[in-house]
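Everything on this sheet refers to the single structure shown next.
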Amino acid sequence: MEPQDHLNITISEDLLEKIRSLPVQRIVEHCGIRMTVSPFDFYAECRQCGSRIKVRSFSGAVEIEDVFDAVFEWMNRPIAQEIARRRQMALDEDSASTIDQIPTG
Ligand SMILES: [Zn+2]
């Protein structure tokens, strides 16, 4: 018996890297001005002309942001946030110790 049912999906290292490197802000330009919005917002409002600018796709194509949305939905479950917080702390310690191991010279 497998500990978890292994789904028939392929998750590439490339996808994981894209998730890790997703900018925390999206830069939108309109009327010659730049504004920053959450990468998860579907619309931005131009401060100059007030236009609503679509910044996220509604199409069937799955984007990185949709992966985050799925995780956020999971995190809405009871206990999930606590589990996620603990994992984040563990990952933080892991990356800190990895940095310590990098020779400096
Ligand atoms: Zn505008």
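Tell me, which residue of the stretch 8-29 that is over 16 Å from V67 (Cα atoms) and part of a loop (DSSP other than H, G, I, E, B) is modelled with the lowest pLDDT?
Selected residue: N8.
Run I79 past the list (1) modelled with pLDDT of 95 or more; (2) on the phi < 0 side of the Ramachandran plot; (3) away from the ligand (no atom under 16 Å from the Cβ) and report the number of the one that doesn't hold.
(2)
Quick one: how many residues across the stretch 42-72 are out of contact with any Phe, Trp or Tyr (no Cβ under 8 Å at 6 or more places or on another chain) and within 16 Å of the ligand (Cβ to nearest atom)?
Summing the residues that are out of contact with any Phe, Trp or Tyr (no Cβ under 8 Å at 6 or more places or on another chain) and within 16 Å of the ligand (Cβ to nearest atom) in the stretch 42-72 gives 9.
Kindly list, by first and then second residue, each pair from a residue in the stretch 12-28 that is without any contact (Cβ under 8 Å) to a residue 40 or more places away in the chain and within 21 Å of F42 (Cβ to Cβ) to a residue that is of a type outside the set (S, T, N, Q) and loosely packed, with under 11 Cβ neighbours inside 10 Å, limited to pairs with Cβ atoms under 7 Å and residues at least 6 apart or on different chains.
I27/R34
Within the stretch 55-69, count every residue that is exposed (fewer than 11 other Cβ atoms within 10 Å of the Cβ) and at pLDDT 90 or above.
Final tally of qualifying residues: 0.
Give all pairs with beta carbons closer than 7 Å in which a residue from the stretch 65-94 that is under 15 Å from F40 (Cα atoms) meets a residue that is of a type in the set (D, E, K, R) and surrounded by 10 or more Cβ atoms within 10 Å (Cβ to Cβ); count only pairs at least 6 apart in sequence or on separate chains.
E65/R56
The values are calculated or read from the model by the stated rules, or taken from the named source; none is laboratory data. Only a predicted model underlies this, so the values are computations on that prediction, with no experimental measurement involved. Note: ideal-geometry Cβ built from the backbone for every residue, glycine included; neighbour counts use all protein chains shown.
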